[in-house]
Amino acid sequence: MNKPDIDTEENVRIAVLDDDPRSLSAVAGTIRLLKCDVQAYSDSAAFIKSLDSTLPDILITDLRMPGMDGLAVLEYIRKHAPTTDVIILSGSSNKDDAIRALRLGAFDFFEKPIDGDNMIAAIKRTVRYRTVVQERNRYADQLSFISRQEARRWGIGAFIGKSAAVKKVIADIEMLQRSAQTSVLINGESGTGKELVARAIHFGSQRSVRPFVPVNCSAIPAELAESTLFGHSRGSFTGAIADREGCFATADGGTIFLDEIGDMPHVVQIKLLRVLEDGLVVPVGKSIGRTVDVRVIAATNADLSAKIAAGTFRSDLLYRLAAFNFIVPPLRERKADIPLLADHFARLLSAEMGIAKPVITDAALAALREHDFPGNIRELKNMIERALLESAGRPVGVEHLHFLRIGSIARSTAPSAATSPGIAPAAGAQPSEAAGNELPLNMAEAERALICRAMAKADGNLAAAARLLGLSRAKLYRKLATLSIGTPGK
């Protein structure tokens, strides 16, 4: 017999049950050659009692025994210890016994006398099977946990507001969550939260444990759109060095979110219509496709009717996409929600910056309510982020608010041309030192000047400035605090 070994980091507990002392000793002796914890039992009652304190990973039991036979023990195990795998041994070659044992859930069935190598091989198979099942269950638990987390993050609770417009949005989302199939077309201006709506629909539905795949149709080059969505085969075009699954295959069982659907190339619209009709996805370069189960949620800020009239969008695709037409209202139509949203962003962003959440003054809230917010919620969030930096922990006032006006920033006091609004140059430094190409020789002042230039170039947008500097946003926050940048007068 070959030297046995089991590929597992955990000690495997094996119980052997047989009323024949010689068979019991032989089987237990063979198993002890493995790195396993072995317990031997000569009657069923003693084994059943032992389950109160210890559950074996594997039970190897004789079929014919007085009292409770092997099949009765198997049925008991399936009911009271379902994580234990059972191997049945029999002194007869009755095929009916083997069939019945396997139907009752036995992992394997052997005739006596037992060959040691076959027994070792059976135990190894059982251990490998248990490992696969445990990994599968662990993966399922992780998916379930992630799904619950994502549902909390992206669910109904993510919608801040008390206006009638928001209540209508929430009611429509809850209705769509009850269906796992209905395709949805979301209409709304840029920055209103169309993707947030799509995620809430997905993570509140039965598809929540499967992927949510967002695709920005306007960001995909026209020549790559078909391959990106539906995949391609090796050699189907220059640069296709291997088979590749597309976004629809990735989203199988879940949801695909097609943002800016109005920018999708006309040839791709034809294939998308096919997917919506029968779920068939055919990769570029292949004649045979595969069927996928994907919910399609599309979004646009364009007038699709005008695109249909211009011949750039298919009317049949619009009708197929818009099984439910969802409209996300702009922020100017839900101004009652602005104070709640401002407080929400102030709380989130101050926690991210590691500072106490400042008060937003009544005057600042009144100024926010008066603004039309052409950039919608995204604009409000950016405005609050910059206001927190400039207020440096003090109450956020009107003087900390910067309202975007067609590419420029308006505020009550016009900023110096040398600096970004609200960002002062280093003490003793000339404006040209911060805004020009020549940097100070002092390292700290040079760093300050670079950050000021990046902030000016990014119009105060922290995320954009961080990208220009090659920093994470969190690291940029720390540098702004360390160098006292963002506080007027410093």
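The values are calculated or read from the model by the stated rules, or taken from the named source; none is laboratory data. Just so you know, these numbers come straight off a predicted model, no measurement behind them. With ideal geometry, Cβ positions are generated from the backbone for all residues, glycine too; neighbour counts draw on all protein chains shown.
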Lone qualifier among Val296, Val275 - being touching a residue at least 24 places away in the same chain (Cβ under 8 Å) and assigned to a helix (DSSP H, G or I): Val275
Yes/no for Ala458 being buried (at least 18 other Cβ atoms within 10 Å of the Cβ) and at pLDDT 75 or above: no
Residue within the range 154-163 that is modelled with pLDDT of 85 or more, small (Gly, Ala, Ser) and either over 21 Å from Lys381 (Cβ atoms) or not assigned by TED's automatic domain parsing to the domain that holds Val282 (or both) present: no
Candidates Ser190, Ser183, Ser218, filtered to the one that is over 17 Å from Asn301 (Cα atoms) and either in the same structural domain as Phe324 (by TED's automatic domain parsing) or in contact with a Ser or Thr (Cβ under 7 Å, 6 or more places away or on another chain) (or both): Ser183
Total residues in the range 20-69, condition free of Cβ contacts under 8 Å to residues at least 40 places away in the same chain and part of a helix (DSSP H, G or I): 14
Meets criteria (in contact (Cβ under 8 Å) with a residue 60 or more places away in the chain and not hydrophobic (A, V, I, L, M, F, W, C)) for Arg334: yes
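From the set of residues in the range 206-242 that are within 18 Å of the chain's Cα centre (by Cα) and surrounded by fewer than 21 Cβ atoms within 10 Å (Cβ to Cβ), which is modelled with the lowest pLDDT? Steps first, answer last, please.
Step one: filter the range 206-242 for residues within 18 Å of the chain's Cα centre (by Cα), giving 206-216.
Narrowing further to those that are surrounded by fewer than 21 Cβ atoms within 10 Å (Cβ to Cβ): 206, 209-211, 213-214, 216.
Numbers: Gln206: 88, Val209: 83, Arg210: 87, Pro211: 88, Val213: 90, Pro214: 91, Asn216: 90.
The qualifying residue modelled with the lowest pLDDT is Val209.
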Those residues of the range 388-403 which are more than 19 Å from Leu348 (Cβ to Cβ) and β-branched (Val, Ile, Thr), in sequence order: Val398
Listing of helices (runs of 4 or more DSSP H) fully contained in the range 319-421 that carry 1 or more residues being modelled with pLDDT under 85 and on the phi < 0 side of the Ramachandran plot: 338-353
